[in-house]
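Worksheet: one structure, shown below.
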Amino acid sequence: MRLLAPFFPGQFRRGSLVSLAFFAMAAATAYQTAIFIVSGDLVGLAYVGIVFAIAAFVVAILHDWRNGLYLFVAWLLFEDLGRKFLGNNMGIYFAKDGLLLIIYLAFFVAYRRRDNGMQTFRPPFLMILLAFVWFGVMQVFNPASTHIVYGLLGMKLYFYYTPLIVLGYALITSERDLRKFFQVNLALMVVIIALGIVQSIAGPKFLNPDVLADDIRLLSQTYRTAPISGVMVYRPTSIFVSIGRFQDLVILAWLLVFGFTGYLLLRHRRGRKFTFLALVVIVAACVMAASRGVFMWTIGSALVGGAAFVWGAPWRQGQALRIFRTLQRAILGIGLAVVVLLFTYPDAFLNRLAVFSETLDPRSPSSELVHRAHDYPLRNFLAAFDYERWPYGYGIGTTSLGGQYVARFFHVHPPVGSVESGFGTLIVEMGIGGLALWLALSAGVLISAWRVVRQLKGSPWFPLGFMIFWYAFLLLVPLTFQGMQAYQDFIFNAYLWLLLGILFRLPKLALSAQYSAQYSAQAAATPTGNPWNR
């Protein structure tokens, strides 16, 4: 019983009762595992492993919500691998939401106890966010919706991860926490992206079972053909069930590694080699993903980020040269990735370049740049006004991701078709009021985030802060305008609010570092090394 005590906080500990329940569960699980082994049921063994993983996660969360948050991120990134090999099991899909609920509860308990001096945080845009939440609640009961589950699904997709902004703020209490967060997350992302690069060459049989569930079969076996040369390239999904989720991860990883590299070059030496390696891998994935969106968004973000780094460089401190080293490393990483791909897999690399040049170059007769970037999403946005209920919508969640599962399990159909525009989706689901509130919330988030970035100008935290701001802008405005799938991607969504919380924490880290530097300078100036001796 004492052996279990360190794993449970005082309010969760129940002495012998907890110990008895723990050992009873372990015995039952061991018995069931033995049955699966004897019968050769590998799927059953996989489910046992998942149950053990969830149990371990719950114990870690109850012990420390911070550890639970890291485990949640790992589950978030890798859950699709289990879904692919276990028949697209929806229990795995919703398990992360149950784990996150436990994290929220554990965080609330820790906050009530004021563990480690936890500080409160009130987002500057809280009132706009609450107004949007209440509007969404009303839309759950929209009379045009065919089932209340559509509304509950919509509330989850739009708002379930927003409290992560508070957890992200509380998670980072020092620069050590900051470096740990980005190093751990980039390490996980690099593993997934490297597997995607391998899959882009090996083909769909790698990282995919022989028989895929009907819902995800086509999502994992997509190709793109160059319209002029006719070359066909495979679009990898890595561990995910769809190419879209892998594309989103590549964009997110590029923004994080670009900002984190700038921070390290201005502040710390440790970790620079790893970030450079991560940058090379991510650049290679930008090409091998065979996604025109990834290719364009990463190039555009590099140009905008490079210009912003020069503008926000610490010129007064005489360290602006390090910003140019950041850009130099980025260019060197791009060049190294191109050289490695060209000499190792020239056909795969050149075929993808052919796809990009033939469909994105404005001089190409088959260029789709203007059509896909402007005409197509604008036409779909305007199509939302063709529905008769566009002033007040058909109900939140009625055209959202996951609606096909609602239709299957509850034998209902959505009341309306979807449009391939995120702003149009807001109108179809929640009417013109939903779009107005989205724009107001986006403006509130971006204005308050930009104010923080302005405070960080000239400091080592500026590159990191700016890339978080840029990520929020991309997701809330242009990516959502093109399609609501980006915001409703649980990886994009969760990281948005988590990173925003970290962004609002950065000025306090900078202030703490400033006081520490002044203290060290005073200590060095006194004969005894004690700043209080005069």
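Worth pointing out:
- Test for A106: is it small (G, A, S), assigned to a helix (DSSP H, G or I) and at pLDDT 75 or above: yes
- Hits in the range 187-205 (condition: more than 24 Å from the chain's Cα centre (by Cα) and without any contact (Cβ under 8 Å) to a residue 12 or more places away in the chain): A202, K205
- Among the residues of the range 333-364, those identified as touching a helix residue (DSSP H, G or I) at 6+ places or on another chain (Cβ under 8 Å) and either closer than 19 Å to G259 by Cβ or among the aromatic types (F, W, Y) (or both) are G333, I334, A337, Y345, F349, F356.
- Those residues of the range 401-433 which are part of a helix (DSSP H, G or I) and among the small types (G, A, S), in sequence order: G403, A407, G422, G424, G431, G433
- Candidates A202, A131, A187, filtered to the one that is over 30 Å from T222 (Cα atoms) and not hydroxyl-bearing (S, T, Y): A131
- Test: residue in the range 135-157 that is in contact with a strand residue (DSSP E or B) (Cβ under 7 Å, 6 or more places away or on another chain) and either under 30 Å from Y345 (Cβ atoms) or modelled with pLDDT of 95 or more (or both): no
- F181 over 25 Å from Q485 (Cα atoms) and assigned to a loop (DSSP other than H, G, I, E, B): no
- Residues of the range 86-101 that are crowded, with 17+ Cβ neighbours inside 10 Å and hydrophobic (A, V, I, L, M, F, W, C): I92, A95, L99, L100.
- The single condition from (1) closer than 17 Å to Q485 by Cα; (2) among the charged types (D, E, K, R); (3) free of Cβ contacts under 8 Å to residues at least 24 places away in the same chain that R408 fails is (1).
Residue by residue, here is whether (1) modelled with pLDDT under 95; (2) within 25 Å of the chain's Cα centre (by Cα); (3) among the charged types (D, E, K, R) holds:
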position: P460; (1), (2), (3): yes, yes, no
position: G465; (1), (2), (3): no, yes, no
position: L500; (1), (2), (3): no, yes, no
position: Q514; (1), (2), (3): yes, no, no
position: A517; (1), (2), (3): yes, no, no
position: W532; (1), (2), (3): yes, no, no
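- Residues being modelled with pLDDT of 85 or more and either under 20 Å from N493 (Cβ atoms) or within 13 Å of the chain's Cα centre (by Cα) (or both) - total across the range 60-87: 15
- Test result for G434, crowded, with 18+ Cβ neighbours inside 10 Å and either of a type outside the set (S, T, Y) or modelled with pLDDT under 95 (or both): yes
- For the range 320-352, residues that are in contact (Cβ under 8 Å) with a residue 60 or more places away in the chain and among the polar types (S, T, N, Q) total 2.
- Out of V419, V370, V406, V412, one residue alone is at pLDDT 90 or above and of a type in the set (A, V, I, L, M, F, W, C). It is V419.
- Within the range 139-178, the residues that satisfy the criterion of being of a type outside the set (A, V, I, L, M) and not in a loop (DSSP other than H, G, I, E, B) are Q139, Y150, G151, G154, K156, Y158, F159, G168, Y169, E175, R176, D177.
- Among all residues of the range 109-122, there is none that is surrounded by 14 or more Cβ atoms within 10 Å (Cβ to Cβ), in a helix (DSSP H, G or I) and among the basic types (K, R).
- Hits in the range 452-466 - residues which are in contact (Cβ under 8 Å) with a residue 24 or more places away in the chain and either within 17 Å of F125 (Cβ to Cβ) or not in a loop (DSSP other than H, G, I, E, B) (or both): V452, V453, Q455, L456, F462, P463, L464, G465, F466
- Residue check for I491: touching a Lys or Arg at 6+ places or on another chain (Cβ under 9 Å), in contact (Cβ under 8 Å) with a residue 60 or more places away in the chain and either closer than 15 Å to A308 by Cβ or part of a helix (DSSP H, G or I) (or both): yes
- Listed by first and then second residue, the pairs linking a residue in the range 265-283 that is within 17 Å of M189 (Cβ to Cβ) and modelled with pLDDT under 90 to a residue that is surrounded by 18 or more Cβ atoms within 10 Å (Cβ to Cβ) and not acidic (D, E), with Cβ atoms under 7 Å apart and 6 or more places separating them unless they lie on different chains, are G271/R179; G271/L264.
- Within the range 284-309, the set of residues being among the hydrophobic types (A, V, I, L, M, F, W, C) and surrounded by fewer than 18 Cβ atoms within 10 Å (Cβ to Cβ) comprises M296, I299, L303, V304, A307.
- Any chance E388 is assigned to a helix (DSSP H, G or I) and of a type in the set (D, E): no
- For the range 279-305, a residue qualifies if it is part of a helix (DSSP H, G or I), aliphatic (A, V, I, L, M) and under 15 Å from L341 (Cα atoms), and the qualifying residues are L279, V280, V281, I282, V283, A284, A285, V287, M288.
- Qualifying residue in the range 318-335 (condition: assigned to a loop (DSSP other than H, G, I, E, B) and farther than 29 Å from Q485 by Cα): yes
- Close Cβ contacts (under 9 Å, 6 or more residues apart or on different chains) running from residues in the range 104-132 that are within 30 Å of A443 (Cα to Cα) to residues that are modelled with pLDDT under 80 and surrounded by fewer than 18 Cβ atoms within 10 Å (Cβ to Cβ) comprise F107/M118; Y111/M118; Y111/T120.
- Restricting the range 310-352 to residues that are of a type in the set (S, T, Y) and at pLDDT 90 or above, the residue that is surrounded by the most Cβ atoms within 10 Å (Cβ to Cβ): Y345
The values are calculated or read from the model by the stated rules, or taken from the named source; none is laboratory data. Source: prediction; values computed, not measured. All Cβ positions, glycine included, derive from the backbone under ideal geometry; neighbour counts span all protein chains shown.
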